[in-house]
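Chemist: So that we are looking at the same thing, I have put the structure below in structure tokens.
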Amino acid sequence: FDDRDGMIWWDGVMRPWRDANLHVLSHGLHYASAVFEGERAYDGNIFRLRDHTDRLIQSGKLLGFEIPFTADQIDAACKEVLAANGLTDAYIRPLAWRGSEQLAVSAQQTKIHLAIAAWAWPNLFGKDRMKGIRLGMAEWRRPDPRTAPTASKAAGLYMIGTLSKHAAEAAGFDDALMLTSDGLVAEATGANIFFAMDGALHTPTPDCFLDGITRRTVMALARARQIPVHERRILPEEMARATEVFLAGTAAEVTPVRQIGDLSFTPGQITATLIADYDSLVRMPPEEVAKRAA
Ligand code: PMP
């Protein structure tokens, strides 16, 4: 992934992709003092850019650091990266981390760095996702919010994501469904989950995982369609009652789920409607998005 053409923005300077190398003694690598974002551009507009930038800044604050760029500067840099790479439809990855100025648990002297890359990445689950993906149950649970800053999109919180996703893939699934530390339904490894039950949408309360920007968008779209939305504690036993299931996330977009463990689901009307509404919203001008996604 590193040996390719392209430009990466790094602390205010546009560098060739191949030369965007980091020192091996970077604090972020050893102690996971790093936060990131995942954004998508459609037709040249980055969907809900300011929401992603705000979350990036907030993620850093939750790890005790201040990213040394303003939200306006970060927004502008994301757009510059798209332009420098000649992209209009792309995935954008800002990353902020503690540098290599000091290497110990205490890292007060480290500088905070910010890099932003962008590349073409059609969908997390590929072209065939519309028939529905299959989720295995993860062995790892989301940490209790008292044991980790779970509202931060922090690199360290993805350790269990990668472990769970690899285990699911080894068992023939596309992704894993993680539970909360109390055993409630939480989320997939890189997206939030929704269930249709009795004509309404149900989604877990985001108390130990990200309240995703796509999640909130989908909730607004559902309400605009008069589909009731319930955020609540969902027990794994309740999943058998769902008539439809889907994931929502920037990379996953809205992706139907056709299996969770031994349970089977058939993607239906609610999922199809929300996929169509989401796919059309992301291509609207940012002012229109702000009105409809709020
Ligand atoms: N949960 C996890 C673990 C994620 O990585 C993501 C993707 N950022 C989400 C949920 C969904 O967040 P968003 O819709 O803001 O992309």
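Chemist: Looking at (1) surrounded by fewer than 20 Cβ atoms within 10 Å (Cβ to Cβ); (2) in contact with an Asp or Glu (Cβ under 6 Å, 6 or more places away or on another chain), can you tell me which one residue 271 breaks?
Modeler: Of the numbered conditions (1) surrounded by fewer than 20 Cβ atoms within 10 Å (Cβ to Cβ); (2) in contact with an Asp or Glu (Cβ under 6 Å, 6 or more places away or on another chain), the odd one out for residue 271 is (1).
Chemist: Also, quick follow-up: I need the full set of residues from the range 252-262 which are loosely packed, with under 15 Cβ neighbours inside 10 Å and touching a strand residue (DSSP E or B) at 6+ places or on another chain (Cβ under 9 Å), in order please.
Modeler: 261, the sole residue that qualifies.
Chemist: So residue 65 fits all but one of (1) assigned to a loop (DSSP other than H, G, I, E, B); (2) within 15 Å of the ligand (Cβ to nearest atom); what number is the exception?
Modeler: Checking residue 65 against (1) assigned to a loop (DSSP other than H, G, I, E, B); (2) within 15 Å of the ligand (Cβ to nearest atom), the one that fails is (2).
Chemist: So, one more: I'm trying to understand the selection: among the residues of the range 239-254, which are in contact with an Asp or Glu (Cβ under 9 Å, 6 or more places away or on another chain) and assigned to a strand (DSSP E or B)?
Modeler: 247, 249, 253, 254
Chemist: Does residue 159 satisfy the criteria of being closer than 19 Å to residue 247 by Cα and within 16 Å of the ligand (Cβ to nearest atom)?
Modeler: Considered against the rule, which asks whether it is closer than 19 Å to residue 247 by Cα and within 16 Å of the ligand (Cβ to nearest atom), residue 159 comes out as no.
Chemist: Next question. I'd like the full set of residues that are of a type in the set (Gly, Ala, Ser) and within 21 Å of residue 202 (Cβ to Cβ), limited to the range 248-275.
Modeler: 248, 249, 252, 261, 264, 268, 272
Chemist: Tell me the residue from 139, 169 that is more than 30 Å from residue 4 (Cα to Cα), among the acidic types (Asp, Glu) and assigned by TED's automatic domain parsing to the domain that holds residue 203, please. Step through it out loud before you land on a result.
Modeler: Working: 169 fails: more than 30 Å from residue 4 (Cα to Cα).
Only one candidate passes the filter, namely 139.
Chemist: Consider only pairs whose beta carbons are under 8 Å apart and that are at least six residues apart or on different chains; among these, list those whose first residue lies in the range 195-208 and is not assigned by TED's automatic domain parsing to the domain that holds residue 180 and surrounded by fewer than 23 Cβ atoms within 10 Å (Cβ to Cβ) and whose second residue is assigned to a strand (DSSP E or B) and not polar (S, T, N, Q).
Modeler: Final answer for the pair search is none.
Chemist: Given the conditions (1) assigned to a helix (DSSP H, G or I); (2) within 13 Å of the ligand (Cβ to nearest atom), and given that residue 190 satisfies all but one, which numbered condition is not satisfied?
Modeler: Only one criterion is unmet by residue 190, namely (1).
Chemist: When only residues in the range 224-238 that are among the charged types (D, E, K, R) and within 22 Å of the chain's Cα centre (by Cα) count, which is surrounded by the most Cβ atoms within 10 Å (Cβ to Cβ)?
Modeler: First, pick out the residues of the range 224-238 that are among the charged types (D, E, K, R): 225, 231-233, 237-238.
Filter once more, keeping what is within 22 Å of the chain's Cα centre (by Cα): 231-233.
Numbers: 231: 15, 232: 10, 233: 12.
Taking the candidates together, the pick is 231.
Chemist: For the range 241-251, how many residues are crowded, with 22+ Cβ neighbours inside 10 Å and near the ligand (Cβ under 8 Å from one of its atoms)?
Modeler: Number satisfying all stated conditions: 3.
Chemist: Quick check on my filter: what residues within the range 206-251 are touching a strand residue (DSSP E or B) at 6+ places or on another chain (Cβ under 6 Å), polar (S, T, N, Q) and over 19 Å from residue 284 (Cα atoms)?
Modeler: Once the filter is applied, which keeps residues that are touching a strand residue (DSSP E or B) at 6+ places or on another chain (Cβ under 6 Å), polar (S, T, N, Q) and over 19 Å from residue 284 (Cα atoms), the range 206-251 yields only 243.
Chemist: When the residues of the range 107-144 are narrowed to those that are at pLDDT below 95 and not in a loop (DSSP other than H, G, I, E, B), which ends up nearest to residue 157 (Cα to Cα)?
Modeler: Of everything passing the filter in the range 107-144, 129 is nearest to residue 157 (Cα to Cα).
The values are calculated or read from the model by the stated rules, or taken from the named source; none is laboratory data. The structure presented is a predicted model; accordingly, all values stated were derived computationally and were not measured. Here the Cβ is made from the backbone with ideal geometry for all residues, glycine too, and neighbour counts use every protein chain on show.
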